[in-house]
Structure formats: structure tokens, C-alpha cells
Amino acid sequence: MENSSGLDKSSSNNGTGNSNNTRVPLSDVVSDCIKRWFKDTLKEAKAGDINMQVLVSQMYYSGYGVPKDEQKVCSFFLKKSFYGLVLLLFMI
């Protein structure tokens, strides 16, 4: 039986993706998603997307998805963008 999202509710894993029915704490799932978001954002930032460069720096600054590292904030801005440097001055 499929629901509107296309997931089969009648499967033996009850929609969890695990056939052994072990549950993963929601905090672990969210943490993994945030880490993957940081990696994706970093990839786009390195490709030159100014918005992603600012977001990566904010993530480093706040420790969101990556260990907090104000030194990386500064070095990332200095290497990547004049606009980021201007934003950095406002963050200090």
C-alpha cells in the first residue's frame, strides 16, 4: 500500500529504512542532516557562490553543522570574497 509520498506502508521496515526495526534518535538524524547541509554548502561556496560563502562563514562562526572556529571564519572570508570580508567586519 502506497501513501501520497510514494512510500510503501506495508513493508516490513515500517517506513524507517531499517529492516531490523531499530530506531535512531531524532537528535542523531537532525545532526546528520545538519552536517550534510554544511558539506553541501561548503562545496557550493568553494565553487564561488557568494551566498554560500557567507552561509559557510556564519556556520563556522556559530558552530552550526561544524565545530565553532572563528579563525576559519576569518581565513575563509579572506580567501574567498571581498564582500565576505566586509560582512566579517560587521560580525566582529
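The values are calculated or read from the model by the stated rules, or taken from the named source; none is laboratory data. The model shown is predicted, which means the values in this text are computed figures rather than measured ones. Here the Cβ positions follow ideal geometry from the backbone for every residue, glycine too, while neighbour counts run over all protein chains shown.
Quick rundown of the values:
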{"read-out": "So residue 90, is it loosely packed, with under 13 Cβ neighbours inside 10 Å and modelled with pLDDT under 85", "value": "yes"}
{"read-out": "Residue within the range 30-50 that is part of a helix (DSSP H, G or I), under 12 Å from the mean Cα position of the chain (by Cα), surrounded by fewer than 18 Cβ atoms within 10 Å (Cβ to Cβ) and at pLDDT below 90 present", "value": "no"}
{"read-out": "Qualifying positions in the range 23-42 - farther than 10 Å from residue 65 by Cα, out of contact with any Leu (no Cβ under 9 Å at 6 or more places or on another chain) and not hydrophobic (A, V, I, L, M, F, W, C)", "value": "23, 25, 27, 28, 40"}
{"read-out": "Residue that is farthest from residue 31 (Cα to Cα) [pool: residues in the range 51-74 that are at pLDDT 85 or above, of a type outside the set (Ser, Thr, Tyr) and touching a helix residue (DSSP H, G or I) at 6+ places or on another chain (Cβ under 6 Å)]", "value": "52"}
